[in-house]
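Below: one structure, written as structure tokens.
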Amino acid sequence: STTSSNASKEEEALNPHRMVLQNFQNVQYFGEFEIGGQKVTGIFDTGSFELLVRSTRCSGCAHPTTPYDRSLSTTYVKNGTVAQHVFGSGPCVSLKGYEDVAVGPMLSKKQCFWEIIQHQIQALDHAKFAAIVGIGPNFAYGNNDSTLLMNFGVEEFSICLQKPSGSDGFLTWGAVAKQQAKERDYASARVIGKHHWVARMHNVSYKAPTGAHLENVPCMGNGCAAIIDSGTSLIAAPGPALMQLSAQLEPIKEDCSNLHELPTLHFNIDGTDFTLPPEAYVMRVTGAVMEADSIWDILFFKPKLRRVNMCLPAFMQIDMNSQHGPVWILGMPFFRYYHTIFDRTRERMYFALAGEDCKPLPFKNNGTHASSKEALLAVRAQPMGPTSVEIESIVPPTLSEQIDSKDRSIDL
């Protein structure tokens, strides 16, 4: 029967490949993969859908890590199409081709990819990664070339980052839980975007998630579009929303000495209340006093005086609209507290609490959502200080290649 066949497929799928994502400065998590037999490092990015690799063809590029070299490959197939990808951090000119790509035991032959031949993505000049590996849910815009996920036959994967500063993260290709367990123990959200892992979000506030104050908080009413994005270093939100939030927050002391007095951040994703503690939305900036203004411009809350080891809110500004409302990006801080499953077949995301070693802990108790207090106790079970970050290494959103510059809107 179909049911037993689905069950047996699910049993087979529970043999996932767990890949370590190495941590650089808590703002870049990268893994190794092979392209044309060459080992290359990449960020595995749920906010994009194509494979872009820094190439030896890029004569003007800085190459802090090994780039891809087609002359060393016996499997490279030329296409020749040149395209410009406009990322949040700058434009990038790329050349289309086909190549064999392997991650762990998985192999995709003649995988469509783009060689970066020119770019203005500041983070790439000193990044620990040479590739952006898009793992969005569907085809790229106007492109019928199968994505890496499609060619690997991966319908489901999960991402979690460990909380302690400097700790690695994990990307698991394949199912980590049976469907019955996901429905029982995990919170879930419907994916409302065609191209991105995006869900509806409401009522972002530092105060409790009920009451009259919700009449004037970000994402009230029709709500916002929240992209769950493993490739973005911080949380990104519209400027007006961040102004609203800052009005609710006591100033964060430069030495982080009032971290324990700061409130919890509350938000609702597709009907479920989530929380993030101050450790998630406060960062300690290290070694950045002399950095250029353009690097500091990435931050929404800019200090009047720049000092080493100063604490700031971990927010970036992104003023972008969509067919589902203003766009927010829940980046790496979210994955330190929520082990997230991305399910292409069911078009859903599932969230567990992230335990030690990224072990998924039940978000629900006995089939009902854990109370905010219980959930908060679980996510704060490993008390940490603020996350230390190096400002020049922050990766801005990579998903904005389809922004209509006239009205700053994106088709999600």
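The values are calculated or read from the model by the stated rules, or taken from the named source; none is laboratory data. Being a predicted model, the structure only gives us computed values, none of them experimental. Please note: Cβ atoms are built from the backbone with ideal geometry, for glycine as well, and neighbour counts cover all protein chains shown. Heavy atoms of the whole protein, side chains included, go into the accessibility calculation; ligands, DNA and RNA do not. Shrake-Rupley method; radii C 1.70, N 1.55, O 1.52, S 1.80 Å.
Three principal axis extents of the range 111-166 based on alpha-carbon atoms, in descending order, are 37, 33, 17 Å.
Of the peptides 70-78, 111-119, how do they stack up when ordered by the mean number of other Cβ atoms within 10 Å, highest first?
Details: 70-78: 13.2, 111-119: 22.4.
My ranking of the peptides, most packed first, is 111-119, 70-78.
Close amide H partners of residue 232, meaning residues 5 or more places away or on another chain with modelled amide H under 5 Å apart, are 332.
Could you look at the range 20-147 and say what percent of its accessible area is carbon and sulfur, using a 1.4 Å probe and all protein chains?
Its accessible area is 47 percent carbon and sulfur atoms.
Modelled this way, with points 7 Å down the Cα-to-C-beta line, the labels at residue 346 and residue 411 are 2.9 nm from one another. Computed 3J(HN,Hα) for the range 152-169, one whole-Hz value per residue from the Karplus formula 6.51 cos²θ - 1.76 cosθ + 1.60 where θ = phi - 60°, is 6, x, 8, 9, 8, 8, 9, 9, 8, 10, 6, 6, x, 4, x, 6, 6, x, glycine and proline marked x.
On the beta carbon distance between residue 180 and residue 22, with R0 = 25 Å, the FRET formula returns roughly 0.15. Think of each Lys and Arg Cβ as +1 and each Asp and Glu Cβ as -1; about the Cα centre, that makes the dipole of the range 106-199 roughly 200 debye. What the range 15-57 shows is 31 Å² of accessible area per residue, with the surface traced by a 1.4 Å probe over protein heavy atoms. What's the whole-number percent of alpha carbon pairs in the range 146-286 lying beyond 24 angstrom? Here the long-distance tail beyond 24 Å is 43 percent of all Cα pairs in the range 146-286. Relative contact order (percent) for the range 47-192, with alpha-carbon contacts under 8 angstrom and 6 or more residues of separation? Computed value for the range 47-192: 25 percent relative contact order.
Ordering of 43-53, 22-32 by packing is 43-53, 22-32, highest average first (other Cβ atoms within 10 Å, averaged per residue).
Of the peptides 309-320, 330-341, how do they stack up when ordered by the mean number of other Cβ atoms within 10 Å, highest first?
Order by mean packing, descending: 330-341, 309-320.
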